[in-house]
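Here is the structure we will look at, set down as C-alpha cells.
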C-alpha cells in the first residue's frame, strides 16, 4: 500500500507568495497526498481542491503554528512548506520509504547553485549517527526534509519564536529513526521574495537567534557536532 503524505503550509500576510506556493503544490497531489494550510492573516485567495483544507487560526508565536499543523496531519509522512518557497515539479516522485528523507534545494538568487545539507552528493541510506555527523546546520532548511510522522509525533516545539526549531525537529526525528535517505535531488526553490523566510509578523525583531548553538536539545544518541553557526 502506498504511503500517504500531509503537506503542511503556513502563511502570513503574503497572499501573492502563497498563491505561487500552493499552485506549485497542486500538480503534485496524488491520491495519497493531502494539504493543510494555516493563514493567520485571513488574506489569501483559496484555491478549492478536495485535498486541501484551509484554517485561519491566530497564534501567539510560530511554534504554535507548526504544532497545530502537525497535530492536524493525517499522513504517514509530513512535509512543511513555507509560503515564500515552492516545491519542484518532480516532488511527487520522491519515494516515501525511510524514517527521514533529506533532499537539496536551490536558492533563486543563485541560479544553478544547488545547496546540500550533507557533504555527500549522491543518493545514500544513512544511519542516524552518519547523518548527524555529516549534517551542515548552516544551510539546513526545514523544507529539505520529509518526516515520517511517527518519528516526530512526540516532538514538543518550544513555545517561543525560535528560528532554530527546524534543527531541533530534524535532530529529534533522527534520534527516532533507523535509516535515513539522502537523495541527490532538489526538493524546492528557496526564495527571498518575502524578506525573512519565517511566516510570522515582526520576525526581524522577535525571532531568537542563538549563534552559540546552545539552543540544541540534548539527544543522547548522538555526539552532535556543529561545524558552523547560522547567521
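Derivation of every value follows stated rules applied to the coordinates shown; laboratory data play no part. Owing to the predicted nature of the structure, the values given are computational and were not obtained by experimental measurement. Cβ coordinates were reconstructed from backbone atoms using ideal geometry, including for glycine residues, and neighbour counts include every protein chain displayed.
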Problem set entry | Modelled FRET efficiency - R0 41 Å, residue 129 with residue 71, Cβ distances, 0.05 increments | 0.85
Problem set entry | Ratio of Rg to Rh over region 5-194 (Cα coordinates, Kirkwood Rh, two decimals) | 0.93
Exercise. Restricting the count to DSSP beta bridges whose residues both fall in region 5-194, what percent are antiparallel, rounded to a multiple of 5?
Worked result: 35
Exercise. Roughly what would the spin-label model give for residue 45 and residue 156, points 7 Å off Cα along C-beta, in nm?
Worked result: 4.4
For this session: Determine Rg/Rh for region 5-113; Rg is computed over alpha-carbon atoms and Rh is the Kirkwood hydrodynamic estimate from the same atoms.
Result: 0.95
Exercise. According to the Kirkwood expression over distinct Cα-Cα pairs, how big is the hydrodynamic radius of region 14-58, in Å?
Worked result: 11.0
Exercise. Where does each of 48, 72 land when they are ranked from fewest to most other beta-carbon atoms within 10 angstrom?
Worked result: 48, 72
Problem set entry | Relative contact order (percent, whole number), region 5-194, Cα cutoff 8 Å, 6+ residue spacing | 28
Problem set entry | Computed lengthening from residue 178 to residue 93, 0.36 nm per intervening residue step minus Cα-Cα distance | 28.4 nm
